[in-house]
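Following: one structure in structure tokens, then a few remarks.
The values are calculated or read from the model by the stated rules, or taken from the named source; none is laboratory data. From a predicted model like this one, the values you see are computed outputs, not experimental measurements. So basically every Cβ, Gly included, is an ideal-geometry build from the backbone, and we count neighbours across all protein chains shown.
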Amino acid sequence: MKKKLMNMKISINHNSPVPLYAQIEEQLRNIIKLPEYKNGKRLPNEVDLARQLGISRNTLRQAINKLVFEGLLTRKKGVGTVVEKTSISSKAKNWLSFSQEMKALGITPTNYELHICWEKPTEDICIFFDINENTNVLRLDRLRGNPEYPFVFFRSFFNPRIGLTGNEDFSRPLYDILEKDYNSIAKISKEEISALSADKFLAEKLKVKVGDPILKRKRFVLDPGGRALEWNVGYYRADSFTYTLEFERTI
């Protein structure tokens, strides 16, 4: 049985082996490319859209969350879900963990501080992990660098479905723990790079002055099936870290 939504021309097949959220996600990708939906156009209300399609709101949100994560859609309070304005981006074909990056540079990674706690997630983290605001998430703070001094402060949040307890030995490589102990393979990473000035907290951690330049790298890690594993933000001393990307042009 197929149902068709007149407003957005979305058709779903409840008898198809393809999951409903995947059917909707693929069609939304195509719809938001149309001229009438480009550059800030608001999508129909989620409750109304789910009702008209005959699906649960959670199923619809699962499809929309993937596009929000990829930066194609944005949720705005008091407005709803809107299409992001067109931008230009580049994608690298490979990525490394911090330990792998340091090993490639011939540097011995050093842990200076490590703190673990459980806390309520922000709205963005709820969307990324597809959880509700009452679900506690594990937060891992690490101050890392070379044997001489620390140059990066990491803050990570982990999907509760992984099963981390907080009692793990996080002096081990993080992705080894996820893969070997929890069968969760870190395969895909989406990264956002920006610059900011060090506040008092970061200045104290990284041994710099308040106002000194800091490189901020947000990393969103997924498994081979596209399921969210880790939300990570790293703050690097600008005088100790260079972020390099190598691309091969397709002709």
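For Y243, indicate whether it is surrounded by fewer than 15 Cβ atoms within 10 Å (Cβ to Cβ), of a type in the set (F, W, Y) and at pLDDT below 95.
Working: surrounded by fewer than 15 Cβ atoms within 10 Å (Cβ to Cβ): yes; of a type in the set (F, W, Y): yes; at pLDDT below 95: yes.
Yes.
Just to be sure before I move on: is Q62 at pLDDT 75 or above, out of contact with any strand residue (DSSP E or B) (no Cβ under 7 Å at 6 or more places or on another chain) and among the polar types (S, T, N, Q) in the structure I sent?
Working: at pLDDT 75 or above: yes; out of contact with any strand residue (DSSP E or B) (no Cβ under 7 Å at 6 or more places or on another chain): yes; among the polar types (S, T, N, Q): yes.
Judged against the criteria, Q62 is a match.
Restricting to region 30-60, what's the tally of residues that are within 24 Å of K190 (Cβ to Cβ), out of contact with any helix residue (DSSP H, G or I) (no Cβ under 7 Å at 6 or more places or on another chain) and of a type in the set (D, E, K, R)? So that I can check it myself, show each step before the final result.
Pass one, region 30-60, residues within 24 Å of K190 (Cβ to Cβ): 30-33, 37-41, 43, 46, 58-60.
Checking the rest, the ones that are also out of contact with any helix residue (DSSP H, G or I) (no Cβ under 7 Å at 6 or more places or on another chain) come to 30, 32-33, 38-41, 43, 58.
Among the residues that remain, those that are also of a type in the set (D, E, K, R) are: 33, 38, 41.
Total satisfying the criteria: 3.
Would you mind stating whether V152 is touching a Gly at 6+ places or on another chain (Cβ under 9 Å), within 20 Å of E113 (Cβ to Cβ) and among the β-branched types (V, I, T)? Give the steps one after another, and end with the answer.
Working: touching a Gly at 6+ places or on another chain (Cβ under 9 Å): yes; within 20 Å of E113 (Cβ to Cβ): yes; among the β-branched types (V, I, T): yes.
For V152, the condition - touching a Gly at 6+ places or on another chain (Cβ under 9 Å), within 20 Å of E113 (Cβ to Cβ) and among the β-branched types (V, I, T) - is met.
What about L164, is it in the same structural domain as F128 (by TED's automatic domain parsing), buried (at least 19 other Cβ atoms within 10 Å of the Cβ) and in a helix (DSSP H, G or I)? Before you say what the answer is, go through the steps one by one.
Working: in the same structural domain as F128 (by TED's automatic domain parsing): yes; buried (at least 19 other Cβ atoms within 10 Å of the Cβ): yes; in a helix (DSSP H, G or I): no.
So L164 fails the test.
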